[in-house]
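The values are calculated or read from the model by the stated rules, or taken from the named source; none is laboratory data. Since this is a predicted model, take the numbers as computed values, not measurements. When we count neighbours, we look across all protein chains shown, and the Cβ atoms used for this are built from the backbone with ideal geometry, even at glycine. Ligands, DNA and RNA are stripped out before the accessible areas are found, and what is left, the full protein with its side chains, is counted by its heavy atoms. Shrake-Rupley method; radii C 1.70, N 1.55, O 1.52, S 1.80 Å.
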Amino acid sequence: MTLDTSPLRPLGRTRLYEDLVERLGEFVVRTNLEVGERFPPERELASRLQVSRASLRQALAVLEAQGFIEVRHGGGVFLRRSRGFGGVLHKLVERRARLPEVLEARELLEVRLAELAAIRRSSDDLAAMRAALVAMEAEIASAGLGIDGDAAFHHAVHRAGNNKVLEHVIDGLADAIHETRLESLTEPNRPRNSLQAHRRILEAIEAQEASAAADAMRAHLRQVADVALLRWEPPVEDTSPP
């Protein structure tokens, strides 16, 4: 099959990285590239787009940080997920700047709520946590990320803490927390690792071990914070000729 490479036409010099990301996204849509399939070789992409390979590599780093592609050294570039592919670079940079503060707030609030949950939880609270983990495991088994089950588990822990003020504050951060959840669960092997972390939190809450619950939640949230987006450095515009 001959690929439609018309989206890989040369770019102008304004907003180069954003344009590159958007153009590669257009290529994915126009060619119906399937998850797991390989992009044309890097040299061919740079040639068709008439950009330097350094510029292309920085655009690919953006896409890899977003979890859309996998760059296999010596093996090529492969599509990892297609939904939302090619988001605007400035939005990615904004999210990268915002995430550390949201993650810091999550740790401050959720570690304390886990500690309180171990002291105050009811049988209904424990049932809600268990049900959330069953749902998360089923989502993962169906090749999902487990996002709904993850959210339900954390909500059950918050409610079990029985502090309306803390619960209200964290509910106000729902959209920002969802963003951190999505970033984390799209990391390789992260859904199952998060499920195991949730089980450790639940075990400590069931045993009414407040310190252990706090430690387990803190360890989990630090794992949540270990995402490619925060390891990625935003590119500096390259104005060199291709």
Among helices (runs of 4 or more DSSP H) entirely inside the stretch 136-194, those with 1 or more residues being open to solvent by less than 40 Å² (accessible area, probe 1.4 Å) and polar (S, T, N, Q) are 174-185
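Checking the structure you have, find out if any residue of the stretch 34-51 is open to solvent by less than 20 Å² (accessible area, probe 1.4 Å), polar (S, T, N, Q) and either over 22 Å from Asp226 (Cα atoms) or touching a Cys at 6+ places or on another chain (Cβ under 9 Å) (or both). Explain how you work it out, then say what you get.
Here is the first cut: in the stretch 34-51, the ones open to solvent by less than 20 Å² (accessible area, probe 1.4 Å) are 39-40, 45-46, 49, 51.
Okay, now just the ones that are also polar (S, T, N, Q), so none.
There is no residue in the stretch 34-51 that is open to solvent by less than 20 Å² (accessible area, probe 1.4 Å), polar (S, T, N, Q) and either over 22 Å from Asp226 (Cα atoms) or touching a Cys at 6+ places or on another chain (Cβ under 9 Å) (or both).
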Condition set open to solvent by 50 Å² or more (accessible area, probe 1.4 Å) and not small (Gly, Ala, Ser), scope the stretch 122-135, selection nearest to the chain's Cα centre (by Cα): answer is Val134
Only one of (1) open to solvent by 60 Å² or more (accessible area, probe 1.4 Å); (2) under 27 Å from Leu45 (Cα atoms) does not apply to Gly67, and that is (1)
Note: among Val93, Val111, Val169, just one is at pLDDT below 95, closer than 30 Å to Trp232 by Cα and hydrophobic (A, V, I, L, M, F, W, C), namely Val93
If we keep only residues of the stretch 209-227 that are surrounded by fewer than 21 Cβ atoms within 10 Å (Cβ to Cβ) and in a loop (DSSP other than H, G, I, E, B), then the residue modelled with the highest pLDDT is Glu209
